[in-house]
């Protein structure tokens, strides 16, 4: 009997996980998530990765799916690659693989998307589920001297002066763990319970945003259109059309009824993560379905 002397096939090595830190101008994108026939950040970046890595476009997992027209300065995503694909990134350019990938992507990405950093992710890292909080800022110019056409793509030109003190007072009732169904677009099977850590309204006194009304919003996660729903309700108060108590009444009623602020004023500024040794535990905790605090 003939003996099969073919050496056994070695199993494919485990993939490596790569973290990407990126920014984009959302003006001409139909949001983050890939959609057939539409220009999206995910679709654009995955296609670019496929080109520079010479492989099928890899699938990206993102920290926060931004809506159409929403911008990002501090977006985070990850992808999984075969180890050989990652080590081959340097090619003739030499240097570190992450630096080489950033340089190569800069050569093929459009000017409204920038990958700022690429590196191997620590064990347990998940761009979406390991995150502790997402921080957004919403910017408005409510006075003619502040309405600069050079920043029209990311600052909303508001037609009426706003009462920032009233808006800040109204925001206080919304902080904490609540069911934010009144401020979210419902998705079948998805919970609308979130922990809103910060909802701060101020008029900037210094810096590049001096004079602008800035709404700082931070939460463990956001449901669809939640930030724009929160800002829309606060704007009604700031214009004097509703009392300070109105956003809290919307929250308690759990029925969507307030306006949604325009997308262009919203920017994802930062995604925060725990120390490396806590990443896996945080991801496990976040995957569990959110339930109201007892």
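Numbers for the structure displayed
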item: Antiparallel content of DSSP bridges confined to the stretch 133-273, in %, to 5; result: 90
item: Of all DSSP beta bridges in the stretch 16-120, antiparallel share, percent nearest 5; result: 100
item: Cα gyration tensor, the stretch 16-81 - rounded (a/c under 1.5), prolate or oblate; result: oblate
item: Expected 222 nm ellipticity per residue - DSSP helices of 4 or more, -39500 (n - 2.57), all of the chain, to 500; result: -6500 deg cm²/dmol
item: Separation of alpha-carbon centers, the stretch 38-54 and the stretch 120-190, rounded to whole Å; result: 27
item: Relative contact order %, the stretch 133-273, counting alpha carbon pairs below 8 Å whose residues are six or more apart; result: 37
item: GNM result for the chain, Cα springs below 10 Å: residue of 264, 53, 235 fluctuating most strongly; result: 53
item: For the stretch 44-133, alpha-carbon Rg relative to the globular expectation (2.2 N^0.38 Å, N residues); result: 1.10
item: Prolate/oblate/rounded label for the stretch 133-273 (Cα gyration tensor, a/c 1.5); result: prolate
item: Among (1) 46; (2) 60; (3) 54, the entry that matches percent of Cα pairs over 25 Å apart as calculated here; result: (3)
item: Helix 41-53 axis, angle to the chain major axis (alpha carbon atoms, nearest 10°); result: 20
item: Choice from 25, 67, 112 with maximal GNM fluctuation in the chain (Cα, 10 Å cutoff); result: 112
item: For the chain, share of DSSP beta bridges that run antiparallel, in % to the nearest 5; result: 90
item: Cα-based helix-to-principal-axis angle, 97-108 vs the chain, degrees rounded to 10; result: 70
item: Helix 226-238 axis, angle to the chain major axis (alpha carbon atoms, nearest 10°); result: 20
item: Sequence-separation-based contact order of the chain, relative, with Cα cut under 8 Å and 6+ spacing, percent; result: 22
item: Ranked list, fewest to most other Cβ atoms within 10 Å of each Cβ, for 163, 216; result: 216, 163
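Read-outs: derived from the displayed coordinates by stated rules, not from any lab. Note that this is a predicted model, so its numbers are computed, not measured. Neighbour counts run over all protein chains shown; Cβ positions are idealised from the backbone, glycine included.
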